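Okay, so here's the structure we're looking at.
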Amino acid sequence: MYLIGSCTFNKLLHPTHAAPRFCAFRCAPFKHKNRSAACAAEQGVILLIKESVMAKSIPVVLPSKNFDKKGEATAFFSSMLKKYKDREKVTDEDDKLLFELLQRHPENKISEGVEYFYRDKAEGYPTSCFHIKRVNGETTDFSIKDCINAKEQTLDQFFYKACRSSVNQILKNEKNNKFISGVVHCNLTGEVLSKNEAVYKHTTPKFREIVRSFKEKYDLSISRDMFVDNEDMQYVTEFSDKVINNNFIKFHQEIASLEMFKK
């Protein structure tokens, strides 16, 4: 592994700064006979550093949580994994975030529907990772890294985000109206909540189950032209077809059940 001198690294980060030429093999001016070989090695190291810096600055955007860098997303979900023991089922809040992350996986891990997530040993390895219990009873594990490093959003992710966009404002209005109407209590503990500490969320069925049922009911074949990006908000995806949008709103209203909980 080559080490690159701090002067060269500073030159990379601040190309307008003047700095002496340094060798990739040691932080010292060139003393090698074969300067072309040394230069090539140094340029290779600089390229690797550039790629690393660029990768770390790529955001990871989920429907309900955004990360400015891949490293932040990795740290967040690694910390989440450490909260659980092997064979322990994750909480509802972590369940929602893991499902949103799983939609980025390059393989279709959610085609049969996800019943819940849990932590367990990775098959063939001594380490633990997140696993999926599918609706049909099958289980499988998945890599957080593969999800975070995905270069493009999957069609499932586009569809899920568009469904959420369809009802987001409606649910915000419902939450606000509950606080206008009177005192609001946590559905779990019974304590009185302020609007800032309350979250209005789906109970049964979960939102992902509503999305899957809607797709099945209308036998939708998902394609990229079904979606458009919101003109005002860069990371908001919407349905291009207002009929699909309105059908989902109606479907959601018919079967969704939401309650207020403390954050």
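The values are calculated or read from the model by the stated rules, or taken from the named source; none is laboratory data. What you see is a predicted model; the values in this text were computed from it and never measured. FYI the Cβ positions are ideal-geometry reconstructions off the backbone, even for glycines, and counts take in every protein chain you see.
Structure above, values below:
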item: Condition broken by Gly182, with the remaining ones in (1) within 22 Å of Lys96 (Cβ to Cβ); (2) at pLDDT below 95 satisfied; result: (1)
item: Per-region count, segment 244-258, residues surrounded by 15 or more Cβ atoms within 10 Å (Cβ to Cβ) and more than 13 Å from Ser213 (Cα to Cα); result: 3
item: Pairs with Cβ under 7 Å, 6+ apart, first in segment 130-158 and in the same structural domain as Tyr118 (by TED's automatic domain parsing) and closer than 18 Å to Lys82 by Cα, second surrounded by fewer than 14 Cβ atoms within 10 Å (Cβ to Cβ) and among the β-branched types (Val, Ile, Thr); result: His131/Thr139; His131/Thr140; Ile132/Thr139; Ile132/Thr140
item: Segments classed as helices (runs of 4 or more DSSP H), wholly inside segment 108-226, with at least 2 members that are under 24 Å from Ala75 (Cα atoms); result: 144-148, 155-181
item: Qualifying residue in segment 72-85 (condition: surrounded by 15 or more Cβ atoms within 10 Å (Cβ to Cβ), assigned to a loop (DSSP other than H, G, I, E, B) and hydrophobic (A, V, I, L, M, F, W, C)); result: no
item: Subset tally (residues that are assigned to a strand (DSSP E or B) and either under 11 Å from the mean Cα position of the chain (by Cα) or not basic (Lys, Arg) (or both)) for segment 86-101; result: 0
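Residue-by-condition table, conditions (1) in contact with a His (Cβ under 7 Å, 6 or more places away or on another chain); (2) at pLDDT below 95; (3) surrounded by 13 or more Cβ atoms within 10 Å (Cβ to Cβ):
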| position | (1), (2), (3) |
| --- | --- |
| Glu152 | no, yes, no |
| Asn176 | no, no, no |
| Cys186 | no, no, yes |
| Glu191 | yes, no, no |
| Ser223 | no, yes, no |
